[in-house]
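The values are calculated or read from the model by the stated rules, or taken from the named source; none is laboratory data. For clarity, every value in this text was computed on a predicted model and none was experimentally measured. Glycine also receives a Cβ, built like all others from the backbone with ideal geometry; neighbour counts cover every protein chain displayed. Surface areas here come from the heavy atoms of the whole protein model, side chains and all, with no ligands, DNA or RNA. Shrake-Rupley method; radii C 1.70, N 1.55, O 1.52, S 1.80 Å.
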Amino acid sequence: MLGQYRALWLNHTGDLEVIDQRYLPFEKHVRVLKTASDACEAIQDMTVRGAGVIGNVAAFGVYLAAREFAGDKQKITQAALNIRGARPTAVNLMWAVDKMLEVVKHSDDVVSDCKAEAIRQTDEDVKRTQAIGIIGTDIIESIMTDKKINQFNILTHCNAGWLAIVDSGSALAPIYEAQKRGIDIHVWVDETRPRNQGARLTAWELQDAGIKHTIIPDNTGGLLMQQGKVDMVITGADRVALNGDAANKIGTYLKALAAKDNDVPFYIALPINTFDFACENGVSDIEIEQRDQDEVHNMQGLNTAGDVEQVRITPLDSQAANYGFDVTPARLITGLITEKGVVEPNKKAIGKLK
Ligand code: RI2
C-alpha cells in the first residue's frame, strides 16, 4: 500500500515524499519535495490537499527551508511566509507554519529542531484522527440503537480520509472505526466537482479498505435524504470559526440544508487545530479560495485505450467560476466531532477549547 496509509513521509536522505494525489486513482506516483518552494508548489497545485496534510507538508516545508538555507533564520522565515500563503482557506496551514516559526525563532539548532517539530505535528494528527474515529463511531452506534437499524448509511462530501489527514482522516475516521467494530456500513460518496475528490480519492480509499460505497453525482443527496436512505452526513472541514460556522469543500452547505430539511444529523469532524479562534463569524469572515476556471472546463479520466486523458466538457468560449469552498452556518450543524469530544457549534462551547 502506498505510504502505508500516510500521505507523506521523510525518505532516507531527509527529503519529503508525498503521494501525488493528482494522479489517483488511475496512476500511483510519489513526488519528492526537496526545497521550501517544492512544498509550496505541491500545496498550490494540489499534489497534496486536505487541511491536515496541507498543514503537515507546510511544516516539513519549513524544515526543508532550514536545511536549504543552512539555518539562516531570515531566509527560512521568508520561505515559511511564502508557504503560509500557498492556499487561503484551510487554517491548518497557518497553524502549522506559525508553530514552526516559533521553533525557528527560539532554536539554536534550527534544522534538527524544525525536523523534530514537523514530525511531532504529523504524529499528533495520527492520535487526533484515531480519537475522532472512536468518538464518531459511538455516535453512529447510538443512532443505530435509536433507529433500531442494522445497516448504517452515511453520506460524505469531498475527501477527508487518510489522504487528507494522517492517518485515518477526519470524516472517514469513524467509517474506518465502524468497519473495525463490525458495523454494517455503506457510504454515499459525493463525486465533488470540479476536482472530484470524492469520486477519485474517497472511493479509492474505501475500495482499498473493502468498505461498501456508492459514488453519486453531487446533486443526489437531497433525494436520498427524502427517501430515508441517509442516516448521517459527515464531512471534514478546512476552517471552523468561533461561532461554529464551518468552511468545507464547495457544496457542503447545500448538503447541510437538505439534511436539516429531512432531520438527518449533519456532523463535521475536525481536529482542534482546524478551529480558527480568531475568526468570530465564519460566513462573513472566512476567505474562500477561487481556483482556475480550467478545473471546471476540463475533466481527466481513462480513455477507452486505458490511458489517462484530459477532455474539455464545456463550450470553448464560456466562462466558469470555481469557488473552492463554502461555509455552512452553525445552525445547520448537529455537532463538531473533535479529538476532545463532540462540541456544540457555538462560541461558548468552542471558546472552551482554546
Ligand atoms: P481534513 C478538502 O479541501 C475538503 O474541503 C475536505 O473536506 C478537506 O479538505 C479535508 O481536510 P481540498 O484541500 O479535514 O481538497 O480531512 O480543496 O483535514
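So that you can scan it fast, the table gives a plain yes or no per residue for (1) within 22 Å of ILE19 (Cβ to Cβ); (2) within 11 Å of the ligand (Cβ to nearest atom); (3) open to solvent by 10 Å² or more (accessible area, probe 1.4 Å); (4) out of contact with any helix residue (DSSP H, G or I) (no Cβ under 9 Å at 6 or more places or on another chain):
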{"position": "LEU163", "(1), (2), (3), (4)": "yes, yes, no, no"}
{"position": "ALA171", "(1), (2), (3), (4)": "yes, yes, no, no"}
{"position": "GLU177", "(1), (2), (3), (4)": "no, no, yes, no"}
{"position": "ARG181", "(1), (2), (3), (4)": "no, no, yes, no"}
{"position": "VAL187", "(1), (2), (3), (4)": "yes, no, no, no"}
{"position": "ASP190", "(1), (2), (3), (4)": "yes, yes, no, no"}
{"position": "ARG195", "(1), (2), (3), (4)": "yes, yes, yes, no"}
{"position": "THR202", "(1), (2), (3), (4)": "yes, yes, no, yes"}
{"position": "GLY210", "(1), (2), (3), (4)": "yes, no, yes, no"}
request  = Kindly list the number of the only condition in (1) within 16 Å of the ligand (Cβ to nearest atom); (2) open to solvent by 50 Å² or more (accessible area, probe 1.4 Å); (3) more than 18 Å from LEU163 (Cβ to Cβ) that fails for GLN78.
outcome  = (1)
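Free of Cβ contacts under 8 Å to residues at least 24 places away in the same chain and touching a helix residue (DSSP H, G or I) at 6+ places or on another chain (Cβ under 6 Å): which single residue out of THR314, THR338, THR274 fits that description?
Answer to the check: THR314.
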query = Pairs under 6 Å by beta carbon, first residue under 18 Å from LEU81 (Cα atoms) in region 43-58, partner within 8 Å of the ligand (Cβ to nearest atom) and acidic (Asp, Glu), six or more apart or different chains?
reply = ALA51/ASP238
task = Looking only at region 306-323, decide whether some residue is under 23 Å from ARG49 (Cβ atoms), surrounded by fewer than 18 Cβ atoms within 10 Å (Cβ to Cβ), within 12 Å of the ligand (Cβ to nearest atom) and outside the structural domain of ASP45 (by TED's automatic domain parsing).
result = yes
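Yes/no per residue for (1) assigned to a loop (DSSP other than H, G, I, E, B); (2) within 20 Å of the chain's Cα centre (by Cα); (3) surrounded by 15 or more Cβ atoms within 10 Å (Cβ to Cβ):
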site: ALA237; (1), (2), (3): yes, yes, yes
site: VAL240; (1), (2), (3): no, yes, yes
site: ALA259; (1), (2), (3): no, no, yes
site: THR304; (1), (2), (3): yes, no, no
